[in-house]
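The values are calculated or read from the model by the stated rules, or taken from the named source; none is laboratory data. The structure displayed is predicted, hence computed values, not measured ones. A quick note on method: Cβ atoms are made from the backbone with ideal geometry, for glycine too, and the neighbour counts reach across all protein chains shown.
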Amino acid sequence: MSRLALALSLAVTGAVVSLPNVADACGNTVRRLVDSGQEYVQRAELLLAKAQYRKAVSTIREAFGDKAIAAHMKGPGAHLHGRAQRIVALAVARSGGAVAIGMDLGGAAQSRKDAAIAWAVLALRLQAGDQPTPAQTAELAEALARQTSGRAEAYDLLKGLGDGDLMPTAQGWALLAELSKERGDVEGSKTAVERCVKMRARGVKCELTEQA
């Protein structure tokens, strides 16, 4: 089985995932482990917001190991696991697959980048479900836009958010501006840039270059 097939099959099967040793612990020990996991996730969320993608992934893997990418979890602990998996998926998408995330996904080789992005798309799609929030939709679009085959869907998702005045992030507007320009929608691209700028998000580049 290929590396990507292994990662995707584990993700689809929904294997049971928990923090290390939680199943063997009880009482205060369980609480300490859960609190520790929350601290790691909160720290990683801050690193993600600062575009420190490798550090964000390293922080998640320190707490969860391969479990952060190996399954789409349900039941107890699902919310914390979902937050951890979301961080890893967005770090992959925003780095273009350059961040290694385990199971030989991500890194310098294009094949590993492609495999990591494919995993990120699947993870974010599973988290979004049938009734995604605007934030989940925008984040899925970020990952899809990293695939040549996914850019049309990414545009449709973001266009829907923009038209409904539901775009949750400056990143979403910036990406919509880029995708609109690709389609020759100069006015739509200009409007998306303007909306991006108005959000005043630190670290987000709203203006497009001539090559975008």
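Would you confirm whether any residue within the range 122-129 is in a loop (DSSP other than H, G, I, E, B), in contact (Cβ under 8 Å) with a residue 24 or more places away in the chain, outside the structural domain of residue 177 (by TED's automatic domain parsing) and on the phi < 0 side of the Ramachandran plot? Steps first, answer last, please.
Filtering the range 122-129 down to residues in a loop (DSSP other than H, G, I, E, B) leaves 129.
Next, from what is left, pick out any that are in contact (Cβ under 8 Å) with a residue 24 or more places away in the chain: none.
Scanning the range 122-129, I find no residue that is in a loop (DSSP other than H, G, I, E, B), in contact (Cβ under 8 Å) with a residue 24 or more places away in the chain, outside the structural domain of residue 177 (by TED's automatic domain parsing) and on the phi < 0 side of the Ramachandran plot, so the answer is no.
More than 19 Å from residue 204 (Cβ to Cβ) and touching a strand residue (DSSP E or B) at 6+ places or on another chain (Cβ under 6 Å): is that true of residue 123 in this structure?
Answer is no for this residue.
So which pairs qualify, if the first residue must be in the range 100-113 and free of Cβ contacts under 8 Å to residues at least 12 places away in the same chain, the second must be part of a helix (DSSP H, G or I) and among the small types (Gly, Ala, Ser), the Cβ gap must be under 8 Å, and the two must be at least 6 apart or on different chains?
Once the first residue is free of Cβ contacts under 8 Å to residues at least 12 places away in the same chain and sits in the range 100-113, its partners that are part of a helix (DSSP H, G or I) and among the small types (Gly, Ala, Ser) give 107/116.
Which one of these does residue 112 not meet: (1) buried (at least 16 other Cβ atoms within 10 Å of the Cβ); (2) outside any helix (DSSP H, G or I); (3) out of contact with any helix residue (DSSP H, G or I) (no Cβ under 6 Å at 6 or more places or on another chain)?
(2) is the only condition that residue 112 fails.
So which of 96, 65, 107 ends up being surrounded by fewer than 23 Cβ atoms within 10 Å (Cβ to Cβ) and farther than 24 Å from residue 150 by Cα?
Exactly one residue qualifies, and that residue is 65.
For the range 187-212: of the residues being β-branched (Val, Ile, Thr) and modelled with pLDDT of 95 or more, which is farthest from the chain's Cα centre (by Cα)?
Filtering the range 187-212 for residues that are β-branched (Val, Ile, Thr) and modelled with pLDDT of 95 or more, the one farthest from the chain's Cα centre (by Cα) comes out as 191.
Would you confirm, using the coordinates I've provided, whether residue 144 is touching an Asp or Glu at 6+ places or on another chain (Cβ under 6 Å), at pLDDT 95 or above and buried (at least 17 other Cβ atoms within 10 Å of the Cβ)? Lay out the reasoning, then the answer.
On the way: touching an Asp or Glu at 6+ places or on another chain (Cβ under 6 Å): yes; at pLDDT 95 or above: yes; buried (at least 17 other Cβ atoms within 10 Å of the Cβ): yes.
Answer is yes for this residue.
Hey, any hits in the range 198-211 for a residue that's touching a residue at least 60 places away in the same chain (Cβ under 8 Å) and either out of contact with any Phe, Trp or Tyr (no Cβ under 6 Å at 6 or more places or on another chain) or surrounded by fewer than 23 Cβ atoms within 10 Å (Cβ to Cβ) (or both)?
The answer is yes; a qualifying residue exists.
So which pairs qualify, if the first residue must be in the range 140-161 and within 14 Å of residue 174 (Cα to Cα), the second must be modelled with pLDDT of 95 or more and among the basic types (Lys, Arg), the Cβ gap must be under 6 Å, and the two must be at least 6 apart or on different chains?
From residues that are within 14 Å of residue 174 (Cα to Cα), the pairs are 145/151.
Listed residues 138, 78, 128; which is hydrophobic (A, V, I, L, M, F, W, C), under 25 Å from residue 43 (Cα atoms) and over 12 Å from the mean Cα position of the chain (by Cα)?
Of the residues listed, the single one that is hydrophobic (A, V, I, L, M, F, W, C), under 25 Å from residue 43 (Cα atoms) and over 12 Å from the mean Cα position of the chain (by Cα) is 78.
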